[in-house]
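K.L.:
Below is a structure I'd like to ask you about.
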Amino acid sequence: MDTDQVIEAYLTRSPSLVKENANQGFSMSGLKTTIAEHVLKEDLLSKSPAAAFHMTGAMHLHDSGGGEFAAYCHGGDLLNLLMTGIDNPAGTSSKPAKHFDVAVDHIVNYMYTIQNEWEGAQALSSFDTLLAPFVRADRLTQRQVEQSIQRMVYNLSYPLRAAMQTPFTNLSFDLVCPGHMKDEPAIVGGLPTEDKLSDFQDEMDMINIAFCDVMLQGDRDGNPHTFPIPTYGITKEFDWDSNVANKIFDVAAKFGLPYFMNYIGTGMDPSSNRAMCCVTGDTKIISKGKHGISYKPINEFRKNTDTNVLINGEFEPATWFRTKTDSLRRVVFANGQTVRFSPDHPCITRRGEVDAADVTDDDWMPFSLTGYEGEGGSYDLGKFIGLYIAEGSHGDHGPVFSLDASRSDLIDFVTTFASDYYGAHSTISEMTSPISGNNSCVNIRVNSLTIENLIDEYVKGMIAIDKHLSSKVFKMSREFRQGVLDGEFAGDGSTRMRVCTVSQQLAEDFCCLISSLGSVAGITVDNRDSSCGKLSDNPLYLVRPYNVQGPRTKYKDVYEIDGDQIWIKVREITSGTGRCSVYDFEMDTDDHIF
């Protein structure tokens, strides 16, 4: 069908075009949308082997007007909306809501804005749980709550979507505060309060009754409000005889509106789609935002920015806020890595989920063996950076590499790389080794400030004890990051694959780098070992990657490989007291794993 035929079919109200979607209205917007969807659909069919089946009538590809570009449904994050407000890249943005009526309006505006990018439904969860604190803060009556709910329902019922459609919206109601949210702070005005979400059952009931009353009334003519569709979770704790339950069943009996999620018969866990943690602000994480992948402490994140946190090889959307705790649990694993939690942080162990306060030195916890790809940078560039980390320093006119004179392969690599890629000339001279006292080393002076500036993009710290990796290293490709690791190993000169450094931060960075490549490392502190050229009184940090690809799947009471994860034994637990800040992250994922 060409464009003229599409226009003619629409204007004559061909059932295949005008009546395919019950939510569309016959209108100028509908005509424009039909033409646009026809073009996108034809483009999609031209690329799909299923097109022949569709064209011959053997099968029907329904609702393909978005082509290959538009996704179907979208589940939004109401907590994030309440914490950040409306971020409108095309116009006016709003601060987080401080009052119930504004929060309700933000939901409407969010739904109308986000529906431009999706073909299907827009949904928000825990409507009653997260909005209940606003009802108390504003000291609202039942009538006032109902008035705001009524305004929201009517405003979500106007045909402001393309083709005179009402946005397909869905709101999920918890009825009682879910177990995984009970101890979370209530959010008002974008900030956590002293109250817990579980403290607002009366206000949740007010919201649920108000919503049901509005839906029961229908519109001016008694017709049902078809949107937003309410979804209710049926759990073992559902109170079948409560006033709220009776109201819900009245709505279902009169209009058949609600969806019900059966958490009893299906065996699904109502909280299985969330992973939460409370960790200290100096904890470094790999995340991905609008500027790409970064690696930095949590306390350096800008508040109210979208954050995708690396978990098990994927970058999962996360919301976060800062809160307070009176104590911390410091967990040291058998591989030497250390994590600090708030006592109520849920930890996954071999015996199941337990609070951090209940973790013992008999527990094992899972670490991921799934890396990620990243973008940019070659293996050779990474190896050059790794060699600098191991044996490099700043010179007057460029970087200086101090290498074992017997390693002609590394000497050739440094000089050739500098010459071929940057046209830089290198000067080689013998030097006395500070360890052996003989002329077993050479200095390679690369005469290029351009290369020195390049190195500074990836390596921070002017002296050995301050050296650490920049965030940019973790943005780069897997090949580049592998090159950094191999370059460090080669420059270290040890027959064993390990990183030796007096910089604790660099040691921790390499542990994270190794994890980003789909492995895991052990870190130890050695005050005696001189095999790495230890020349100061500072502790020496040794980082050794485990051979997770080898035949051995278990090593003593240290680790045991289990598919794409590795269980690490807890070695030591200590507690600290004193009020401090921790950062609460929540992610929509089933993977509770380091």
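K.L.:
Go through region 381-425 and report how many residues are β-branched (Val, Ile, Thr) and farther than 20 Å from GLY461 by Cβ.
P.N.:
Taking region 381-425 and keeping what is β-branched (Val, Ile, Thr), we get 385, 389, 400, 411, 414-416.
Those left that are additionally farther than 20 Å from GLY461 by Cβ: 411, 414-416.
Number of matching residues: 4.
K.L.:
Please report, ordered by residue number, the strands (runs of 3 or more DSSP E) entirely within region 138-198 with at least 3 residues that are in contact with a helix residue (DSSP H, G or I) (Cβ under 7 Å, 6 or more places away or on another chain) and surrounded by 16 or more Cβ atoms within 10 Å (Cβ to Cβ).
P.N.:
Values: elements: 169-173, 185-188, 191-196.
It comes to 169-173, 185-188.
K.L.:
Restricting attention to region 332-347, which residues are out of contact with any helix residue (DSSP H, G or I) (no Cβ under 7 Å at 6 or more places or on another chain), within 25 Å of ASP509 (Cβ to Cβ) and not in a loop (DSSP other than H, G, I, E, B)?
P.N.:
Passing the criteria: VAL332, PHE333, THR338, VAL339, ARG340.
K.L.:
Keeping to region 337-358, report how many residues are surrounded by fewer than 20 Cβ atoms within 10 Å (Cβ to Cβ) and over 19 Å from SER515 (Cα atoms).
P.N.:
The number of residues fulfilling the criteria is 12.
K.L.:
Check whether at least one residue in region 387-400 is surrounded by 20 or more Cβ atoms within 10 Å (Cβ to Cβ) and of a type in the set (D, E, K, R), and report yes or no.
P.N.:
The answer is yes; a qualifying residue exists.
K.L.:
Is region 96-116 home to any residue that is of a type in the set (Asp, Glu), surrounded by 14 or more Cβ atoms within 10 Å (Cβ to Cβ), within 17 Å of LEU156 (Cα to Cα) and touching a helix residue (DSSP H, G or I) at 6+ places or on another chain (Cβ under 9 Å)?
P.N.:
yes
K.L.:
Oh, and also: I'd like to know if region 406-414 contains one or more residues that are at pLDDT below 90 and assigned by TED's automatic domain parsing to the domain that holds LEU540.
P.N.:
Within region 406-414, one or more residues are at pLDDT below 90 and assigned by TED's automatic domain parsing to the domain that holds LEU540.
K.L.:
With the condition being loosely packed, with under 13 Cβ neighbours inside 10 Å and at pLDDT below 80, I'd like the strands (runs of 3 or more DSSP E) fully within region 498-594 carrying at least 2 qualifying residues.
P.N.:
Answer list for region 498-594: 565-587.
K.L.:
Quick check on region 64-73. Is at least one of its residues modelled with pLDDT of 80 or more and either of a type outside the set (Ser, Thr, Tyr) or in a helix (DSSP H, G or I) (or both)?
P.N.:
There is at least one residue in region 64-73 that is modelled with pLDDT of 80 or more and either of a type outside the set (Ser, Thr, Tyr) or in a helix (DSSP H, G or I) (or both).
K.L.:
Against the definition (assigned by TED's automatic domain parsing to the domain that holds VAL214, part of a helix (DSSP H, G or I) and among the polar types (S, T, N, Q)), how does THR113 come out, yes or no?
P.N.:
yes
K.L.:
Given (1) exposed (fewer than 13 other Cβ atoms within 10 Å of the Cβ); (2) of a type outside the set (Ser, Thr, Tyr); (3) closer than 22 Å to THR166 by Cα; (4) modelled with pLDDT of 75 or more, where does GLN5 come up short, assuming only one miss?
P.N.:
(3)
K.L.:
May I ask you to list the residues in region 88-103 that are farther than 25 Å from GLN150 by Cβ and among the small types (Gly, Ala, Ser)?
P.N.:
Within region 88-103, ALA90, GLY91, SER93 meet the criteria.
K.L.:
Which residues, counting only those in region 207-243, are touching a residue at least 40 places away in the same chain (Cβ under 8 Å) and touching a His at 6+ places or on another chain (Cβ under 8 Å)?
P.N.:
Of everything in region 207-243, those that are touching a residue at least 40 places away in the same chain (Cβ under 8 Å) and touching a His at 6+ places or on another chain (Cβ under 8 Å) turn out to be VAL214, MET215, ASP219.
The values are calculated or read from the model by the stated rules, or taken from the named source; none is laboratory data. Here the structure is a predicted model, which is why all the values come from computation and not from measurement. Virtual Cβ from ideal backbone geometry, glycine too; neighbours counted across all protein chains shown.
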